[in-house]
Amino acid sequence: MKLGSLEVDSPYLLAPMAGYTDKPFRYICKRYKAGLTVSELISVNAIYYKNTKTDELMQKSDIEKPFSIQLFGADPDIFLYAAQVVEHRCDCIDINAGCPVSKVIKAFAGSYLLKDKKRLFAIIDKLKKHIKKPVSIKLRKGFDSYSMNDIAFYKELQERGIDFIVIHPRLRSQFFKGEIDYEHVAAVKEALRIDVVVNGGIDSVEKLEKIKNITGDGFFMVGQAAIEKPYIFEDLLIGKDTKRDLTFIKNLIREHFLLMVEHYGEKAAVKNFRKFFHRYIKGINNAKVFKSMMNECSDSKCVIGLINNLTNA
Ligand SMILES: Cc1cc2nc3c(=O)[nH]c(=O)nc-3n(C[C@H](O)[C@H](O)[C@H](O)COP(=O)(O)O)c2cc1C
């Protein structure tokens, strides 16, 4: 099936998440059949000033196809420069117009672009003129209740050549909490020719069905639920919420950790894996004890020992 001009195997896509959607985690989600993987947001200024850390964020595994790189920034020329630098490393460039974090807003980027549409359109026009790969945008339904996106705005994005739009239908002022306005996405889908992806709150097949009753079929992007159960993409595809047994979960945790060791080296992997480990073991007996033991681990042997000792009894 086609998402814009990208060939994808599944309509269920992995959302970009800073601090989580690195190469090892995206690989795991792809193996569980995520239709598209996206890098976390990457600063166009960091690319412009050749910050070496950005290279790590853009590394991808061989199975990630299609793979999108998400950029955030405010200056249209620097945005274009960065997009040209990374274009050969991905199948799509995604513009971040949704990030609610104050540091990003103060730099006139992320969801600030929904208040400064002139700047947003200038970025889009530059990219569409000079970038050959598809250009998508991920945004919120508005910055605050005084500046909700209207249909004319979405039509303008379409006319300027955006290939597809991902909507997390909350306001910037809501951050990651509160009501998710799926009706907003339904109205945009109805009005546009291009693909519109629904994002926010999808954590089970049951929930997806409820959302589909409002938005209709199409493309859906999953964020936080994938951190707890990356196999959610497979569940959504087969249309059944599965309960995986402890052996499966332990194998999954072990595989993920070893991929992180390969990617980051042992010391950084142990540190970076903690947040994933805490999410994976939610609901397991003595989770609290395992969490604090994990926080004390400083080498792979300790982490693997902990994983092996996880028990439901
Ligand atoms: C820890 C975290 C980091 C995030 N980082 C990004 C990001 O880099 N780029 C982006 O567009 N959205 C980011 N988001 C927003 C998610 O992509 C998504 O829109 C939001 O979590 C709602 O989807 P969900 O309910 O499925 O998690 C982030 C969300 C979280 C929780």
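Starting from residues that are in contact (Cβ under 8 Å) with a residue 60 or more places away in the chain and hydrophobic (A, V, I, L, M, F, W, C), keep the ones in the range 163-175 and report whichever is farthest from the ligand (Cβ to nearest atom).
164
Name the helices (runs of 4 or more DSSP H) wholly inside the range 5-89 in which the number of residues that are away from the ligand (no atom under 15 Å from the Cβ) and of a type in the set (Asp, Glu) is 1 or more.
53-58, 76-86
Confirm whether residue 131 is in the same structural domain as residue 166 (by TED's automatic domain parsing), buried (at least 20 other Cβ atoms within 10 Å of the Cβ) and at pLDDT 95 or above.
No, not satisfied.
Pairs, please: C-beta under 6 Å, at least 6 apart or cross-chain, first residue of a type in the set (S, T, N, Q) and in the range 1-29, second not in a strand (DSSP E or B)?
Final answer for the pair search is 5/134; 10/33; 10/35; 10/237; 21/40.
Pairs please, first residue from the range 215-238 and of a type in the set (A, V, I, L, M), second anywhere and away from the ligand (no atom under 13 Å from the Cβ) and in a loop (DSSP other than H, G, I, E, B), Cβ atoms under 7 Å, 6+ apart in sequence or on different chains.
237/10; 237/33
Going by what's in this entry, would residue 83 be described as aliphatic (A, V, I, L, M) and buried (at least 23 other Cβ atoms within 10 Å of the Cβ)?
yes
Starting from the range 31-53, keep only residues that are closer than 16 Å to residue 70 by Cβ and assigned by TED's automatic domain parsing to the domain that holds residue 76, then list their pairs with residues that are of a type in the set (Asp, Glu) and within 13 Å of the ligand (Cβ to nearest atom) whose Cβ atoms are within a distance under 7 Å, requiring at least 6 positions of separation or different chains.
Between residues of the range 31-53 that are closer than 16 Å to residue 70 by Cβ and assigned by TED's automatic domain parsing to the domain that holds residue 76 and residues that are of a type in the set (Asp, Glu) and within 13 Å of the ligand (Cβ to nearest atom), the close pairs are 38/94.
Can you name the residue in the range 113-128 that is more than 25 Å from residue 174 (Cβ to Cβ) and not acidic (Asp, Glu) and, of all such residues, is surrounded by the fewest Cβ atoms within 10 Å (Cβ to Cβ)?
Here the answer is 128.
Which residues, counting only those in the range 117-137, are farther than 15 Å from residue 87 by Cα and small (Gly, Ala, Ser)?
Within the range 117-137, just 122 meets the criteria.
So in the range 14-36, with the set limited to residues that are surrounded by fewer than 24 Cβ atoms within 10 Å (Cβ to Cβ) and among the aliphatic types (A, V, I, L, M), which one is farthest from the chain's Cα centre (by Cα)?
Of everything passing the filter in the range 14-36, 28 is farthest from the chain's Cα centre (by Cα).
Quick check on the range 221-235. Is at least one of its residues under 26 Å from residue 148 (Cβ atoms), out of contact with any Gly (no Cβ under 9 Å at 6 or more places or on another chain) and outside any helix (DSSP H, G or I)?
The answer is yes, given that some residue of the range 221-235 is under 26 Å from residue 148 (Cβ atoms), out of contact with any Gly (no Cβ under 9 Å at 6 or more places or on another chain) and outside any helix (DSSP H, G or I).
Which ones in the range 250-292 are outside any helix (DSSP H, G or I) and charged (D, E, K, R)?
Matches in the range 250-292: 282 only.
Just checking, which of 236, 258 is more than 16 Å from the ligand (Cβ to nearest atom) and either among the aliphatic types (A, V, I, L, M) or not assigned by TED's automatic domain parsing to the domain that holds residue 17 (or both)?
Exactly one residue qualifies, and that residue is 258.
Scanning for something closer than 30 Å to residue 158 by Cβ, within 16 Å of the ligand (Cβ to nearest atom), in the same structural domain as residue 36 (by TED's automatic domain parsing) and assigned to a loop (DSSP other than H, G, I, E, B), does the range 207-216 turn up at least one residue?
no
The values are calculated or read from the model by the stated rules, or taken from the named source; none is laboratory data. On a predicted model such as this, the values are computed, not experimentally measured, just so you know. Cβ coordinates were reconstructed from backbone atoms using ideal geometry, including for glycine residues, and neighbour counts include every protein chain displayed.
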